[in-house]
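Colleague: Structure provided below as structure tokens; questions to follow.
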Amino acid sequence: VLVSTPVLPALRGARTLLMEIKELRGNTDGVDLVVNMQGIAGNQEVPKGDMKEALDFEPDIIIPFDPKLFANAEAEAIPVAKNKEGQKIAHGILKLAQKASDYQGKNQKKSADVKQPSFLDKILGKGK
């Protein structure tokens, strides 16, 4: 997982890393790009539509900068995903976490068909 912000210097760094990964491995398969804090730098940011062209790689997730959403969730001790605006953000992050951890949900098969809670099940409170 490669994380960047949407400002030009950070995206240049991300592009350099992507090029190095491609040079070392021959491709960028398995690399997920997260653009964090979209909207924090206003007109200093690379527009969403130009990111793919500039990086020659499409971001998997673009997380908006929404300090009220995150501050309210923290102050009220409510998960961001319980907030309507936060559901899209949380869904994208969860999909990436599932992909990165090879998590397939609570019906995931283990060897000898013994159901053991996965790491993500435990974090999400689904495992004992």
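The values are calculated or read from the model by the stated rules, or taken from the named source; none is laboratory data. Here the structure is a predicted model, which is why all the values come from computation and not from measurement. Cβ: placed from backbone, ideal geometry, glycine included. Neighbour counts: every protein chain shown. Keep in mind that these areas ignore ligands, DNA and RNA; they rest on the heavy atoms of the full protein, side chains included. Shrake-Rupley method; radii C 1.70, N 1.55, O 1.52, S 1.80 Å.
Colleague: What is the extension gain from Glu74 to Lys99, computed as 0.36 nm multiplied by their sequence separation minus the C-alpha to C-alpha distance, in nm to one decimal?
Modeller: Contour length minus Cα-Cα distance gives 6.4 nm.
Colleague: Report, to the nearest whole %, how much of the accessible area of segment 43-83 belongs to carbon and sulfur atoms, 1.4 Å probe, protein only.
Modeller: Reported share for carbon and sulfur atoms: 50 percent.
Colleague: OK, next. Work through the residues other than Gly86 whose Cβ is under 15 Å from its Cβ and net out their charges, Lys, Arg +1 and Asp, Glu -1.
Modeller: Neighbour charge sum, excluding Gly86 itself: +1.
Colleague: What residues qualify as long-range amide H neighbours of Ile40, i.e. H under 5 Å apart, gap of 5 or more or another chain, H built at 1.01 Å from N?
Modeller: Close amide H contacts, sequence-distant or interchain: Phe65.
Colleague: Given labels modelled 7 Å from the Cα in the Cβ direction, how far is it in nm from Ile40 to Glu58?
Modeller: Here the modelled spin labels are 2.6 nm apart.
Colleague: Taking K and R as +1 and D and E as -1, what net charge do the other residues with C-beta under 10 Å from the C-beta of Lys22 add up to?
Modeller: -3
Colleague: Around Thr5, with a cut-off of 14 angstrom between Cβ atoms, what is the net charge of the other residues, counting Lys and Arg +1 and Asp and Glu -1?
Modeller: +2
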